[in-house]
Amino acid sequence: MAILYGTQSNGETLPVLVDQFGNLLAKGIEGPPGPEGPPGVGELPPGAFDGAYLGWQNGELVWFGTPLPPVVSSGFRPIIYTGNGGTQSITGIGFSPDFVWIKLRTAANSHALFDTVRGANLRLKSDDTSAESQSNGSLTSFDTDGFTVGNNPSVNGSSDDLVAWCWDGGDTTVTNNDGTIESQVRSNGNFSVVSYSGTSVVSSVGHGLSKAPSMIFVKSLNNQGYGWRVYHESLGVTQYLVLNQDRGSDTYLDWDNTAPTDTVINLGGSGLTWTTCADGTDYIAYCWAETPGVSSFGGYTGNGSRNSVVTGFSPSFVMIKSTGTGNWFMFDNARGSYKALYANLVEVEADTGAVEFLEDGFQLLFGLPGANVSGETYIYAAFSNPEDAAYAQRHLRRQAKQEERQQNETHLR
């Protein structure tokens, strides 16, 4: 932090308080207000904004910079709780969740996935092909700061340890006609829940995100035996993975060999893609767009020893899958980053000791089979919690302003 002085062309000397990056710390500078002079204390000149910086150009003190997007909430939080066998409200999430994924940690039991588009008590399981089921006494309501569970042992068994991964999908569910198929969408721009009905012909469905999704999970709701299809941008549009299996990536027409756009997901047809667009079948899709400081989707190659992956923020959740045979690892900082659950398995929590969360990513500590075997390729998804997301975005803003300043031909005196 420093006070800088400079002289304008009229000979007037002005003090300016800036940080080490040249960003203005006070909104305005001392001096006579008015159209011919600098703004008064606490004022910003026309067109200025928080994060702008002051520099000298041709002997004049002027504002530089372009507006940056505001800091946005990550809309994600993992939370652990202990079941009471009755009814309890799980709070402290910081938002009203629209997608809640619950797993019993201390006993073998299927995952339980709920969302606001389908409604409370309607359960899906990531570890099998089951159709949507009415699961009374499970997740009974989505609340302003969390959710409420009933006496169903899958989500609230007495003295059981559980974890819930929670995503915010915005405030309202709307009808979306961006695609050839009408959809119901709930979105906060970074994450969306999408419901639609298949047609068995080449189609598209609106996703409601602010840009093209980087990862998509699709599941049939009313057809037993239709597994989970996964799109991940690192694999491309000709490949898919199956969330409920450990199988490697394969080729099919799920995405019509066409990349998703800023508005729609493309779905294959010709009666082949029963997994994503079968006629008369209802589907749910969970879609994520990569957002700096909030989420990261990518790939890496295993090395069998310490292996760091940069996400640009400190993750609170990381999912890893080999593009070959291997389980879907799930790590989070609520349970401890070294403890794994598996999206495709009912098994209890495993203490792997293999993953460490860093300030700007995560690190595999040794050659964990299925996550860091030398020469194997992997895809990952990482999310930050609201506090880390805000910190990461402020850091990115500072970096961007510093780079912009360095590129400008002017300099501070």
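None of the figures in this text is laboratory data; all of them are computed from the coordinates on show. These figures come from a predicted structure and were not determined experimentally. FYI the Cβ positions are ideal-geometry reconstructions off the backbone, even for glycines, and counts take in every protein chain you see.
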### Task
Note down the nm distance, to one decimal, between modelled labels 7 Å out along Cα→Cβ at Glu182 and at Ser158.
4.9 nm
### Message
Step by step: find N for the stretch 74-168, compute 2.2 N^0.38 Å, then divide the Cα radius of gyration by it. What's the final number?
### Response
0.95
### Task
Give the shape of the stretch 173-288 as rounded, prolate or oblate, defined through the alpha-carbon gyration tensor: a ≥ b ≥ c are the square roots of its eigenvalues, a/c under 1.5 means rounded, and otherwise the shape is prolate if a/b is larger than b/c and oblate if not.
rounded
### Query
Which of the peptides 279-291, 244-256 is most tightly packed, and how do the rest follow, judged by the mean count of other Cβ atoms within 10 Å per residue?
279-291, 244-256
